[in-house]
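In what follows, a structure is listed as structure tokens, so that the remarks can point back to it.
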Amino acid sequence: MQIEHDEVSGQKTTGHEWDGIKELDTPVPKWAKWAYIITSLVALGGWILYPAIPLGSDFTRGLFGTTSRANVLEAVKEAEVVREKDEADLIDGDLYDLVDDPTIRAKYESAARVLFTDNCAACHGRDLKGQTGFPNLVDDSWLFGDDLDEIEWTIRYGINANNDDTRYSEMPAFGRDEMLEQADIKNVAEYVLSLSGAEHDATLAKAGSEVFENECSACHGETGEGVGIGAPNLTDSFWIYGGTRKDILETLENGRAGHMPSWDKRLKDADIKKLVLYLNWSKDNGED
Amino acid sequence: MSFSHQKLERTAIGFTLMILLVASIGGIVEIAPLFTIDNTVEEVEGVRPYTPLEQAGRDIYIREGCYACHSQMIRTMRTDVERYGYFSLAAESKFDHPFQWGSKRTGPDLARIGGKYSDDWHVAHMNEPRKVVKGSVMPGYPFLAKTPLDTDGLPDKLTALARVGVPYSADQIKDAALDATRQADPDAEYETELQERYGENVQVRNFDGNPEMVSELDALVAYLQMLGTLVDTDELSKEEVLR
């Protein structure tokens, strides 16, 4: 073991020797040493200022007392304040005035489209035209009427959803629950087909019209156009659950009870308003 | 190389002990916080053990590897909170074995998916995701609707969970199979009993829309529809959340 001084590098050796090979004991460069010391001090500062060390039943809170949860709640609130200021025209405005205001449409339509795509398109489709089981939103036929307030209510509280203000709507299972004879079901199905001008058996439909008047017209209306209490218009071309003979018989047999979730707690008031307006602005898209 | 370190290197037992000491610091840092778990988990209203049907759905969720693409953890970031809702609380996964947190998302986070879509949508979506969500890369799981749920194993599953600390009562374990079937059958008229047994927020419905049998899809939809719905985040006390 002999620590030597190396002439060429000016460094000392480690003192180890293997078959005549010696190793220089070059120290870590100064900058690296200082970087190490400084970052260690920063870490130490962090331990003191921020929550760090578990102490059995608690942990060191740090002098700043920060928590990521408080931070995010604060950040959400700050963003909300900015938004409320920016969207004051929407928040304070009346839906019926806003819907015809071109500046409002220009300002909010693209944001509303994103909202719709994120939250509604999964069921109602990106083109708003719905799909089997989920209503078309651009066909101008509204289960609960086309009043903006009604549409807002549906978005807010849903249909057959889990809250006290939700809309209730159910097509009874006329067949399964034996509310109608099978023959009557067949007849009324033909009548329903006739309402929208589909191919049907006229004799059976005539018999079915009586059944319709007694059993169905309370919800679907005398003419089958619906009365805005959730029962669909049967005279138009759009069918939530399909409009073939088979689909209609299935609906009569087992009933239907669609479910629209309640968005009251998921979406902000202003966002619900944007969606109501968006549905109205998109009406014209129905024709293409 | 300092003199004292050289000396230490030449003492076999002393050097071994020092290695152990240094290496154990890493272990302590990871393990010690677990002893404070009772202080980490918030005390909030509403969190309850999964019903047997939900637990069965959870097992299917894990079996099918849903966790590979979906996390169940809304992080404390504004972007997460604005998109998915109130950040996840530790209490909300206190009965999870294993928990479904994660930082990798191919699909969206599911921590608060419960109630966002209707049962019908989930059924259509599981059957053929691209039919309802254009451009989705999720695989279809059409077999779930056709596979009857195996309820025989449920008492054993609940027993195993009870052993690791989920407070299932003897009655809950005994009737697990029956409770699972009844939760998916509104005609069983068992809602009150089930809610008394598990909690107000138990949802009783025919989740997959097929009254003929209790399928794996019933269980999975029941599980998805309760995710994140147990705690009313409007009623949370600030002290409890920020403690």
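Out of the residues in segment A:220-256 meeting the condition of being part of a loop (DSSP other than H, G, I, E, B) and among the hydroxyl-bearing types (Ser, Thr, Tyr), tell me which one is surrounded by the most Cβ atoms within 10 Å (Cβ to Cβ). Among residues in segment A:220-256 that are part of a loop (DSSP other than H, G, I, E, B) and among the hydroxyl-bearing types (Ser, Thr, Tyr), the one surrounded by the most Cβ atoms within 10 Å (Cβ to Cβ) is A:THR235.
A count restricted to segment B:197-229 and to residues that are within 13 Å of another protein chain (Cβ to nearest Cβ) and aliphatic (A, V, I, L, M) stands at 5.
When you look at A:VAL276, is it outside any loop (DSSP other than H, G, I, E, B), in contact (Cβ under 8 Å) with a residue 40 or more places away in the chain and touching a helix residue (DSSP H, G or I) at 6+ places or on another chain (Cβ under 6 Å), yes or no? So that I can check it myself, show each step before the final result.
Working: outside any loop (DSSP other than H, G, I, E, B): yes; in contact (Cβ under 8 Å) with a residue 40 or more places away in the chain: yes; touching a helix residue (DSSP H, G or I) at 6+ places or on another chain (Cβ under 6 Å): yes.
Answer is yes for this residue.
Which of the following residues is free of Cβ contacts under 8 Å to residues at least 40 places away in the same chain and touching a Phe, Trp or Tyr at 6+ places or on another chain (Cβ under 9 Å): A:ASP184, A:ASP139, A:ASP146? Exactly one residue qualifies, and that residue is A:ASP184.
Name the residues in segment B:124-140 that are facing another protein chain (nearest Cβ under 9 Å) and closer than 24 Å to B:PRO211 by Cα, would you? B:ALA124, B:HIS125, B:LYS131, B:VAL132 - these are the residues of segment B:124-140 that are facing another protein chain (nearest Cβ under 9 Å) and closer than 24 Å to B:PRO211 by Cα. One residue alone among A:ALA43, A:ALA35 is surrounded by fewer than 14 Cβ atoms within 10 Å (Cβ to Cβ), within 14 Å of chain B (Cβ to nearest Cβ) and either at positive phi or at pLDDT 90 or above (or both), and that residue is A:ALA43. For A:TYR96, the conditions (1) away from chain B (no Cβ under 14 Å); (2) of a type outside the set (D, E, K, R); (3) surrounded by 15 or more Cβ atoms within 10 Å (Cβ to Cβ) all hold with the exception of (3).
If B:GLU193 satisfies every condition in (1) part of a helix (DSSP H, G or I); (2) surrounded by fewer than 17 Cβ atoms within 10 Å (Cβ to Cβ); (3) modelled with pLDDT of 95 or more but one, which is the exception? Going through the list (1) part of a helix (DSSP H, G or I); (2) surrounded by fewer than 17 Cβ atoms within 10 Å (Cβ to Cβ); (3) modelled with pLDDT of 95 or more, B:GLU193 breaks only (3). B:VAL81 fulfils the conditions (1) more than 14 Å from chain A (Cβ to nearest Cβ); (2) more than 18 Å from B:TYR223 (Cβ to Cβ); (3) β-branched (Val, Ile, Thr) except for a single criterion, (1). In segment A:154-166 there is no residue that is farther than 30 Å from B:THR229 by Cβ and surrounded by fewer than 20 Cβ atoms within 10 Å (Cβ to Cβ).
The values are calculated or read from the model by the stated rules, or taken from the named source; none is laboratory data. From a predicted model like this one, the values you see are computed outputs, not experimental measurements. Methodologically, a virtual Cβ is constructed for each residue, glycine included, from the backbone with ideal geometry; neighbour enumeration extends over all protein chains shown.
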